[in-house]
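Okay, structure first, notes after.
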Amino acid sequence: MMEEGKLARKPPKKIGEILIEQGLITPQQLELALKEQKRTKEILGEILVNLGFITRDGLSAALATQSGVESVEVKNLKVRNEVLNLIREETAKRLKAFPFEADKNTVYIAMANVFDLRAISELEKITGKYVKVYSASETDIMEAIDFNYSGGASLEELMEKSIEIASQAAAKDIVSERPVVKLVDHIIVKGIEDAATDIHIEPEEKILRTRYRIDGVLFPGPIMPNILRPAIETRLKILAGTNIAESRIPQDGRITFRYGKKRFDIRVSFFPTVNGENIVMRLLDKSRLVLGLEELGFSQKHLQLFLSLVTKPYGLVLVTGPTGAGKTTTLYSAINYLNSIEKNIMTIEDPVEYEFPLIRQSQINPKAGFTFSNGLRGILRNDPDIILIGEIRDSETAEMAVRAALTGHLVFATLHTNDSVSAVARLIEMGVEKFLIASSLIGVVAQRLVRKLCRHCKFPYTPDEDELKRIGWHWEPSPTFYKARGCPRCRNTGYKGRTGIFEVFIISKRIKSMIAEGRISELKEEALSEGFVTLFEDGIDKVRRGITSLEEVFRVTFGEV
């Protein structure tokens, strides 16, 4: 009898039952295999494979189901080199085991036979880590091993093999050749591992140059012979879903690239030049997206001011700055902070860079007639509480954004101006009436991104007289600033990572009156009298706190106090 309070545990299903349920074999085939098993004493799964009733891949999947082991998709999965280096290629092939991720104590391995305890034990000895097993088909595992391991081939060897192939055939015929595929993967993986935001592939007369934008600055990458240009262009066009036969006009596409456990969304732009197509890949990694308002770089004062804006029930909030200043991240952080089941948040963007639950996001499509202005008109008929407009580009969008704010909506938008106060003049230039701006605009944030000093090699110093003059410092004692020497952890640049510097222009009652009266040139003076902190001043505060350097602040603000 079963003890009181305990449930009878169902015995696991037998492999034959699972295969029948999955439709891989018939009951008659199972009966035949069982008779053969009685005669030979072999494992039932092996008998079914040898009889040709199932494939080895089908058997692997059924065994995983029987054991409850989680399955993983490893086909076309690109894995970090430090993970691959844990297990030699020959060992991976021999054991039919593919390492796809690892952390401090564990290596995650896809295996065709998840019950091979001898193999698992060997892998634990080799790696010195606990092995967590996942199930995958033998075919996919062997393809993943071939796809990732290159037999120790360096970039130079891959280029040599690709050149040899390229000299013998047209680009369209070699784009699927393994050396070319791996060469393109190598270019992308280098960008991922270096935490680049953009990868540039630039054709010149005799060479194909690569450059990587890291922390906002371009650094040189591998230089390749021009004979590889057609193959690389074509390979990327196939991956991006663009027209491989078209090279006379700009084209845009997207690539989904899996690396380890991460999935990267890569936006690709092809632009014709006299030497071939210039290619820029924007790497979007959602895991690196900073969404906490506290983590963007706001000072305590600026954070409180910004929170006072985003928690208003209605009004227009603008975020300004040049391309690449982090405006979208700030807006995403704001709507993520406000996101809840009680609010209907809708966006119109170009493009939608990251997707969020509960938020209705849409991307403009000018070719189909879907623009910011008519998209905003449609959004207003969808009962929104909060609206995000990717960019105000024309007078119609500007006026509709203002009117949406006046009709009880909280509206966020970006605008291209050099500072926050200039946003008012920009709206007037776009044809928006002064009284409408005064009634709707509640605040403007201007921002830039500065590189952060490497915490491993930074050191304090006392600025000299010339530096103090540049920043307008007239007080005693002299402040302490920071620099960095450069070390292997920051690639000898002295910088690692980026943060924002900000100014938050609050539209007070006094400033509203001045806008309505047209006293635009006096706005900054009034804001300063109310405690306004400029971009430059916020940057100097971060220099004094050891976050960035004086050179960085001058680089992004041009020293405009």
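A compact table of results
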quantity	calculated
Looking only at segment 493-523, and only at residues there that are at pLDDT below 95 and basic (Lys, Arg), the one that is most open to solvent (accessible area, probe 1.4 Å)	Lys496
Among the candidates Pro357, Pro322, residue that is part of a loop (DSSP other than H, G, I, E, B), surrounded by fewer than 16 Cβ atoms within 10 Å (Cβ to Cβ) and at pLDDT 90 or above	Pro322
Close pairs from segment 517-538: first over 22 Å from Leu427 (Cα atoms) and assigned to a helix (DSSP H, G or I), partner of a type in the set (D, E, K, R) and open to solvent by 80 Å² or more (accessible area, probe 1.4 Å), Cβ under 7 Å, at least 6 apart	Phe536/Glu560
Where a residue in segment 205-229 is on the phi > 0 side of the Ramachandran plot and its partner, wherever it lies, is open to solvent by less than 70 Å² (accessible area, probe 1.4 Å) and charged (D, E, K, R), with Cβ under 8 Å and at least six apart	Asp215/Arg451; Gly216/Arg451
Qualifying residue in segment 107-116 (condition: in contact (Cβ under 8 Å) with a residue 24 or more places away in the chain, open to solvent by 20 Å² or more (accessible area, probe 1.4 Å) and within 26 Å of Asp185 (Cα to Cα))	yes
Complete set of residues in segment 385-418 that are touching a Lys or Arg at 6+ places or on another chain (Cβ under 8 Å) and surrounded by 18 or more Cβ atoms within 10 Å (Cβ to Cβ)	Ile386, Met400, Leu410, Thr414, Leu415, Thr417
Test result for Arg381, more than 23 Å from Phe306 (Cα to Cα), in a helix (DSSP H, G or I) and either open to solvent by 70 Å² or more (accessible area, probe 1.4 Å) or not hydrophobic (A, V, I, L, M, F, W, C) (or both)	yes
In segment 457-467, residue nearest to Gln304 (Cα to Cα) [restricted to those that are in a loop (DSSP other than H, G, I, E, B) and open to solvent by 20 Å² or more (accessible area, probe 1.4 Å)]	Thr462
Qualifying residue in segment 60-74 (condition: modelled with pLDDT of 80 or more, farther than 15 Å from Ser137 by Cβ and open to solvent by less than 80 Å² (accessible area, probe 1.4 Å))	no
Ser513 in a helix (DSSP H, G or I), free of Cβ contacts under 8 Å to residues at least 60 places away in the same chain and of a type in the set (Ser, Thr, Tyr)	no
Hits in segment 333-347 - residues which are surrounded by fewer than 21 Cβ atoms within 10 Å (Cβ to Cβ) and in contact (Cβ under 8 Å) with a residue 12 or more places away in the chain	Asn336, Tyr337, Leu338, Asn339, Ser340, Ile341, Lys343, Asn344
In segment 435-456, the residues that are in a helix (DSSP H, G or I) and either closer than 29 Å to Ile547 by Cβ or open to solvent by 80 Å² or more (accessible area, probe 1.4 Å) (or both)	Phe435
Scope segment 468-492; condition among the basic types (Lys, Arg) and either modelled with pLDDT of 90 or more or surrounded by fewer than 11 Cβ atoms within 10 Å (Cβ to Cβ) (or both); matching residues	Lys483, Arg485
Number of the condition not met by Asp383 [criteria: (1) modelled with pLDDT of 90 or more; (2) over 24 Å from Pro313 (Cβ atoms)]	(2)
Members of segment 298-314 found to be among the aliphatic types (A, V, I, L, M), over 15 Å from Ala413 (Cβ atoms) and open to solvent by less than 10 Å² (accessible area, probe 1.4 Å), listed by number	none
Scan of segment 117-165 for residues that are more than 25 Å from Ile43 (Cβ to Cβ), open to solvent by less than 20 Å² (accessible area, probe 1.4 Å) and either in contact with a Ser or Thr (Cβ under 6 Å, 6 or more places away or on another chain) or touching a residue at least 60 places away in the same chain (Cβ under 8 Å) (or both), ordered by number	Ala144, Asn148, Ser162
From the options Val317, Val352, residue that is assigned to a strand (DSSP E or B) and either open to solvent by less than 50 Å² (accessible area, probe 1.4 Å) or under 30 Å from Gly369 (Cβ atoms) (or both)	Val317
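The values are calculated or read from the model by the stated rules, or taken from the named source; none is laboratory data. A quick note: this is a predicted structure, and the numbers were derived from the prediction, not measured. Backbone-built Cβ (ideal geometry, glycine too); neighbour counts: all protein chains shown. Just the protein is used for accessible areas: all its heavy atoms, side chains included, with ligands, DNA and RNA removed. Shrake-Rupley method; radii C 1.70, N 1.55, O 1.52, S 1.80 Å.
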